[in-house]
1. Would you call Leu362 open to solvent by 10 Å² or more (accessible area, probe 1.4 Å), in a helix (DSSP H, G or I) and in contact with a Leu (Cβ under 8 Å, 6 or more places away or on another chain)?
2. Taking region 166-217 as the search range and keeping residues that are of a type in the set (S, T, N, Q) and either at pLDDT 95 or above or part of a helix (DSSP H, G or I) (or both), which one is surrounded by the most Cβ atoms within 10 Å (Cβ to Cβ)?
3. Please indicate, with yes or no, whether at least one residue in region 99-113 is within 26 Å of Phe138 (Cα to Cα) and of a type in the set (S, T, N, Q).
4. Looking at this structure, is Ala227 over 26 Å from Phe67 (Cβ atoms), in contact (Cβ under 8 Å) with a residue 24 or more places away in the chain and surrounded by 21 or more Cβ atoms within 10 Å (Cβ to Cβ)?
5. Give the residue that is farthest from Thr368 (Cα to Cα), with candidates limited to residues of region 299-345 that are acidic (Asp, Glu) and out of contact with any Phe, Trp or Tyr (no Cβ under 9 Å at 6 or more places or on another chain).
6. What single numbered condition from (1) surrounded by fewer than 15 Cβ atoms within 10 Å (Cβ to Cβ); (2) in contact (Cβ under 8 Å) with a residue 12 or more places away in the chain; (3) touching an Asp or Glu at 6+ places or on another chain (Cβ under 9 Å) fails to hold for Glu144?
7. For region 111-135, how many residues meet the condition of being open to solvent by 70 Å² or more (accessible area, probe 1.4 Å) and in a helix (DSSP H, G or I)?
8. Could you tell me which numbered condition Ala215 fails, if it satisfies all but one of (1) under 30 Å from Gly33 (Cα atoms); (2) in contact (Cβ under 8 Å) with a residue 24 or more places away in the chain?
Amino acid sequence: MSDVEVPEPDRIDGAPHPRETSKLFGQDTAQAGFLEAYNTGRLHHGWLITGPRGVGKATLAWKIARFLLATPMDDGGMFGAPPPPETLDIEPEHPVARRMAAGSEAGLFVLRRPYDEKAGRLKREITVDEARKLKSFFSLSATEGGRRVVIVDAADELNVSAANALLKLLEEPPEDAFLLLISHQPSRLLPTIRSRCRELRLNTLLPDQMEAAIAQADVDPSDHPAALAELSSGSVGEAIRLTNLDGLPLYADLITLFSTLPDLNRQAALKLAESCAGRGKEDRFDLVLGLLDILLSRLARAGISGPPPTEACRNEGEVLSRLSPHDVAARQWAQLTQDLGARARHGRAVNLDPAALILDMLLKIQQTAAKTAS
C-alpha cells in the first residue's frame, strides 16, 4: 500500500475543501430554487449545477447533499408532515454533517478523477471504471434505506464511456437517489445528460462577496485586490489559485513580454515556455495558458471599447491600446483567442510538449501583433 498522500482533484490548493466550507456567498437564487423544488414536491433526481469555475458550485453540491441526507423523509406519520425547511443549512454537529466531513457517510458517493499510481498523478478524465462503482454504491446503500446522493465533480471530466454509464443512471435512477452534476462548461456535456437534469445556474460574485468568501477560505489577501478581481472575473476559486501560484506577478511578466511586440523578446519567450515543462510543472502550465487567454481576451475588448478602466498591472492599458487600437484589430485578436484556445485543448489531449506549445502560441501572437500594432 502506497504511503503517498493522494491529492483531491476537487480541492483548490491552500483552501478548504468544499465539504469544509460552511457558508455559500452570493448564490441565494440557486439555493432558493432548490429549496422551492423540495418544498413543493417537485424534487428532480438529476441536478446540473453550472457556472464559471470557483463561484461555489461544489460548495452548493455538498450543501445540498448534507441537506438531503440529514433532512428526514416524510413518512406520512400520525403527527403529519413536518413544517417545510426554510434553509439548506445543517448544523455542523449533526451526525450526517460529521460523517460527511470525515468522508464516512454511507449515503454519499463522490465521482471524480482517480489517481494514477503508476504515473504518480491524477488522471485527466473520470474513467468508466470509476463510474461503474456507482452500481456497487447503490446496491450496498440500498440496505440502509433513506436517500442516496452522488456528487459528480466535475461532469465535464467524464470520458465518453463514463458519461454513457452515468446517463443510464439518469434515465433509470434508483429510488430515492439524487445526482448532483457540477459543470463548468455544460455545452460540452452530452445533450441527453443535460436534458435529464434540472439546472441551477450560479453567477460570478460581487467584490464584497468575493472578499467574504476569500476570508472564509483563510487565504492571505492580495496586496492588489483590484487587479486580483480583474483577473479572477468574480471567481473565488480563481482568485485563490492566482494568489497561491503568484499569478499577478506572472501576468505582469506577460504584459512586459507583450510590450516588446511585434519584435518579440525571444529569450524571455523561451524562458517562459521552459518554465512550464517538466514533471510537477502542470499547475504552472495551466496558469500560463489561462493568463494568456485572459490577456488575449482583454486585447480583443480593448479594440472595441478601449483599455479596461482598472488595470491588472502597471502599463497594461498602454500595451493593450497600442496592440489593439481599433475594431479591426479587435476582431483579429478575438479570432486568435479562439484559435489558440483550440490549439491548447488539442495540445493537452495529445500530450504535446508544454514548452513547444507555449512557444508556438507566442510566435502566433507575434504574427498577429505585426498586423495590428499601430
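The values are calculated or read from the model by the stated rules, or taken from the named source; none is laboratory data. These numbers were taken from a predicted model, which means no experiment stands behind them. So basically every Cβ, Gly included, is an ideal-geometry build from the backbone, and we count neighbours across all protein chains shown. Just the protein is used for accessible areas: all its heavy atoms, side chains included, with ligands, DNA and RNA removed. Shrake-Rupley method; radii C 1.70, N 1.55, O 1.52, S 1.80 Å.
1. In short, no.
2. Ser183
3. Checked region 99-113: at least one residue is within 26 Å of Phe138 (Cα to Cα) and of a type in the set (S, T, N, Q).
4. Yes: the conditions hold for Ala227.
5. Applying the filter and picking the extreme gives Glu311.
6. Unmet condition: (3).
7. Of the residues in region 111-135, 4 are open to solvent by 70 Å² or more (accessible area, probe 1.4 Å) and in a helix (DSSP H, G or I).
8. (2)
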